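Accompanying notes for the structure given below.
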Amino acid sequence: MHEISLVQGLFQQLKDLADENSAQKITRVTMEIGPLCGVVLDSFQFGFEILSADDEMLRGAKLIVKIPDVSYKCTECGHVEVIAGPRPEECPKCKDLLLIPTGGEDLILLQVEME
Ligand SMILES: [Zn+2]
C-alpha cells in the first residue's frame, strides 16, 4: 500500500515544519488530494490514523481532505466537463470517449495547524 509511505513522507514534512516553528504538536492538517493522483483516499486516511496514533507529535491530529475539481475536455466536440469525482465514462454532449483531464494530479499540503 503506497499510501503508507506517502503518509510517512507527509509526517516527515510536518515534523520539519513543526521544528521550524518550535511547535510541540500538530493539531490539524489540510490536504488537497487530486482524484487523478493515484492515491486511494480511504487508504491514505487509514494510514494517517494508524501512524498518527503512534506518534507523539501527531497523535490526535485531524486530517481534512479537499478534493479539487478536474476539467475534462472532449476531444471531439470541445465540451469541458468540470467535476470533483472520478473521470466521466463519456462526453455528456456527444458521447465521445476520449476526454483529456486538466488538473487533479497533485497531492498538496494546504494548511497545518500546530501548537
Ligand atoms: Zn463531446
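Comparison of LEU17, LEU58, LEU99 shows that the only residue that is surrounded by 14 or more Cβ atoms within 10 Å (Cβ to Cβ), in contact with an Asp or Glu (Cβ under 9 Å, 6 or more places away or on another chain) and not hydroxyl-bearing (Ser, Thr, Tyr) is LEU99. Counting only residues that are small (Gly, Ala, Ser) and either at pLDDT below 95 or within 15 Å of ILE67 (Cβ to Cβ) (or both), how many does the stretch 6-42 have? Within the stretch 6-42, residues that are small (Gly, Ala, Ser) and either at pLDDT below 95 or within 15 Å of ILE67 (Cβ to Cβ) (or both) number 2.
In the stretch 92-110, the residues that are closer than 15 Å to CYS77 by Cα form Cβ pairs under 7 Å with partners that are part of a loop (DSSP other than H, G, I, E, B) and more than 16 Å from the ligand (Cβ to nearest atom), at six or more places apart or across chains, as follows: PRO101/LEU36. Listed by position, the strands (runs of 3 or more DSSP E) enclosed by the stretch 7-109 that each have at least 2 residues that are within 16 Å of the ligand (Cβ to nearest atom) are 70-74, 80-83, 99-102.
The values are calculated or read from the model by the stated rules, or taken from the named source; none is laboratory data. Keep in mind the model is a prediction, meaning the values are calculated, not measured. As a convention, Cβ positions derive from the backbone with ideal geometry for all residues, glycine included, and neighbour counts pool all protein chains shown.
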